[in-house]
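Enquirer: This is the structure, below, for whatever I ask next.
Coordinate-derived values only; no laboratory data. On a predicted model such as this, the values are computed, not experimentally measured, just so you know. Neighbour counts are summed over all protein chains in view; Cβ atoms, including those assigned to glycine, are modelled from backbone coordinates with ideal geometry.
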Amino acid sequence: MTTADQFQQHVLPTYGRFPLVPVRGEGCRLWDETGKSYLDFCTGIAVCSLGHCHPRLVEAIRKQAGKLLHCSNLYQIPQQAELAEEINTHHVRMNGKVFFSNSGAEANDGIIKSARRFGHKRPQADGSPRFEVITFTLSFHGRTLGSMSATGQAKIQEGFDPLLPGFRHLPYNDIAALEADIRPETAAILLEPIQGEGGVNTATPEFLRAVAAVCRKHDLLLMFDEVQTGFGRCGDAMAWRMIAPEIKPDAISWAKGMGGGVPIGAFWLSDRAIDDDGTALSSLMGPGSHGSTYGGNPLVCAASLAVLQEIREQDLATHALLMEVRIRETIRSWKLPVIEEVRGGGLLLGIRLNPDLIPAPEGKTPALVVVTKLMERGLLAPPAGPTTFRLLPPLNVTGEEIDEALEIVKEALDELVAAVCDRRENGSMKS
Ligand SMILES: *Cc1c(COP(=O)(O)O)cnc(C)c1O
């Protein structure tokens with residue numbers, strides 16, 4: 001029985017999977033079961049920040065696995081404390097407290113719960129709690145009932161109603177719409193500084209500043225979903241700092257790149273006072289308010305610590321910026337009409353295509369056609385929405401690996417565009 005057959009018989013078909021069967025990885029490269037190698041610019045969707053099987057990460061996992069894999073959050077876990085200190089001191093660089101989850105969706109559920117707590121502590125004028133979290137169209141916050149309800153994409157929610165109440169989706173980067181629509185029950189605003197899944201859309205500095213100002217004016221929590229953008233991916237430890245560095249969020253969620261491949265997520269709450277008594281926001285999630293059996297266990301925390309230390313010590317955020325420049329300059333030099341725009345920042349880049357120049361058969365988006373062609377030619381890259389594909393290489397990718405990947409992109413696009421032009425010419429000859 002092939003792997004594909006086993007999937008068909010035994011695994012829920014929630015994913016449209018490519019036929020690729022990966023078996024081994026090293027750095028920027030991945031091998032499938034036939035021995036074919038790929039440049040991996042998907043990295044498990046921005047997860048393998050250090051590439052595959054980075055020696056420092058592998059060693060940290062090996063060492064911890066031989067000592068202690070798991071013990072309960074009923075006890076003090078030194079690796080968890082050390083990781084939280086690393087995050088606060090070197091990555092967030094503000095006073096706050098961290099909770100460890102197993103995924104991004106769970107981290108977002110955690111900050112949504114925190115917003116509800118905040119809304120109880122700081123109620124409406126009539127004493128009833130505030131509860132609403134404003135999020136934005138094309139956002140992606142995860143697949144749990146809570147994070148899916150927060151997500152501003154109908155296709156993610158289809159057939160799952162009734163959704164969790166208490167969310168409203170406003171247009172992204174639209175300051176006037178936001179300022180006009182804060183309600184008495186609104187408690188928080190949650191957004192991705194750069195929307196990943198929604199097509200790689202970057203918040204403008206004006207918009208981010210307006211969001212922060214609205215939060216101050218209406219006593220709302222400012223919450224950033226940095227699940228995809230955090231920990232060096234976008235050219236700074238945190239993506240919002242690339243856009244408006246003076247902003248001080250109240251809550252942040254993470255996952256993906258922070259573990260380099262082990263399942264870990266986290267959320268952070270600021271220590272800032274939320275009332276005249278000096279109540280710290282982070283104190284609202286006290287004993288019994290939240291939990292996770294696996295969350296922050298010794299194994300994943302030891303692994304994540306190795307990843308975050310490597311990102312910091314090698315200054316991979318700055319390296320991501322240099323590689324972004326290399327990618328943008330190379331693509332600009334091609335002057336290809338099929339590429340409409342390079343979006344995003346650092347090594348979360350989206351290439352937006354002109355859909356008229358890509359031959360997309362019924363039921364397939366132009367992005368999917370291109371991604372499939374890239375895979376055939378040995379480059380893995382995930383789509384982001386119908387007309388954009390992403391480049392998400394490891395943060396330590398080399399210039400040579402970038403050049404090799406871009407060469408594949410260029411050849412694949414040239415081939416696809418030529419096919420469309422041929423078809424049009426043949427069509428016009430017939431008519
Ligand atoms: C991937 C992602 C999530 C969900 O993370 P999971 O680990 O899949 O639950 C949430 N928010 C953003 C911005 C993401 O990119």
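Enquirer: How about region 4-29: which of its residues are in contact with a Ser or Thr (Cβ under 7 Å, 6 or more places away or on another chain) and either assigned to a strand (DSSP E or B) or acidic (Asp, Glu) (or both)? Explain how you work it out, then say what you get.
Expert: First, the residues of region 4-29 that are in contact with a Ser or Thr (Cβ under 7 Å, 6 or more places away or on another chain): 21, 29.
Scanning region 4-29 gives a single hit, ARG29.
Enquirer: Of everything in region 207-249 that's of a type in the set (Asp, Glu) and in contact (Cβ under 8 Å) with a residue 60 or more places away in the chain, which residue is farthest from VAL307 (Cα to Cα)? Explain how you work it out, then say what you get.
Expert: Within region 207-249, the subset of a type in the set (Asp, Glu) is 219, 225-226, 236, 246.
Okay, now just the ones that are also in contact (Cβ under 8 Å) with a residue 60 or more places away in the chain, so 219, 225, 236.
Values: ASP219: 36, ASP225: 20, ASP236: 15 Å.
Ranking the candidates gives ASP219 first.
Enquirer: Need pairs with beta-carbon distance below 9 Å; first residue over 20 Å from THR365 (Cα atoms) and within region 1-20, second assigned to a helix (DSSP H, G or I); sequence gap 6+ or separate chains.
Expert: MET1/GLN9
Enquirer: Turning to a different aspect of this structure: Determine if region 366-375 includes at least one residue that is assigned to a loop (DSSP other than H, G, I, E, B) and closer than 30 Å to LEU308 by Cα.
Expert: Within region 366-375 (the criterion being assigned to a loop (DSSP other than H, G, I, E, B) and closer than 30 Å to LEU308 by Cα), the answer is no, since none of the residues qualifies.
Enquirer: Conditions: (1) within 18 Å of ARG130 (Cβ to Cβ); (2) within 20 Å of the chain's Cα centre (by Cα); (3) within 16 Å of the ligand (Cβ to nearest atom). ASP250 meets all but one. Number of the miss?
Expert: (3) is the only condition that ASP250 fails.
Enquirer: Do you know which residues across region 194-253 are outside any strand (DSSP E or B), buried (at least 21 other Cβ atoms within 10 Å of the Cβ) and polar (S, T, N, Q)?
Expert: Across region 194-253, the qualifying residues are GLN228, THR229.
Enquirer: Could you list all residues from region 146-176 that are more than 19 Å from the chain's Cα centre (by Cα), closer than 26 Å to ASP126 by Cβ and among the small types (Gly, Ala, Ser)?
Expert: GLY166 - this is the single residue of region 146-176 that is more than 19 Å from the chain's Cα centre (by Cα), closer than 26 Å to ASP126 by Cβ and among the small types (Gly, Ala, Ser).
Enquirer: Within region 183-206, track down each residue that is touching a residue at least 40 places away in the same chain (Cβ under 8 Å) and more than 16 Å from the ligand (Cβ to nearest atom). So that I can check it myself, show each step before the final result.
Expert: First, the residues of region 183-206 that are touching a residue at least 40 places away in the same chain (Cβ under 8 Å): 183-203.
Passing the criteria: ARG183, PRO184, GLU185, THR186, ALA187.
Enquirer: So the check is Cβ under 7 Å with 6+ separation or different chains; which pairs have a first residue in region 337-355 that's free of Cβ contacts under 8 Å to residues at least 24 places away in the same chain and a second one that's among the β-branched types (Val, Ile, Thr) and part of a strand (DSSP E or B)?
Expert: Partner pairs satisfying both residue conditions: VAL342/ILE351.
Enquirer: Also, quick follow-up: Looking only at region 254-265, decide whether some residue is more than 12 Å from the chain's Cα centre (by Cα), near the ligand (Cβ under 10 Å from one of its atoms) and surrounded by fewer than 24 Cβ atoms within 10 Å (Cβ to Cβ).
Expert: yes
Enquirer: Does region 7-51 hold any residues that are out of contact with any helix residue (DSSP H, G or I) (no Cβ under 7 Å at 6 or more places or on another chain), within 16 Å of the ligand (Cβ to nearest atom) and of a type in the set (S, T, N, Q), and which are they?
Expert: Selection gives THR14, THR43.
Enquirer: Provide a single number: the residues in region 255-302 that are in a helix (DSSP H, G or I), of a type in the set (A, V, I, L, M, F, W, C) and in contact with a Leu (Cβ under 6 Å, 6 or more places away or on another chain).
Expert: Step one: filter region 255-302 for residues in a helix (DSSP H, G or I), giving 256-258, 281-284, 298-302.
Keeping just the survivors that are of a type in the set (A, V, I, L, M, F, W, C) gives 258, 281, 284, 299-302.
Going one step further and asking which of them are in contact with a Leu (Cβ under 6 Å, 6 or more places away or on another chain), we end up with 281, 299, 301.
The total comes to 3.
Enquirer: When you go through (1) under 14 Å from LEU395 (Cα atoms); (2) loosely packed, with under 15 Cβ neighbours inside 10 Å one by one for THR34, which number turns out not to apply?
Expert: (1)
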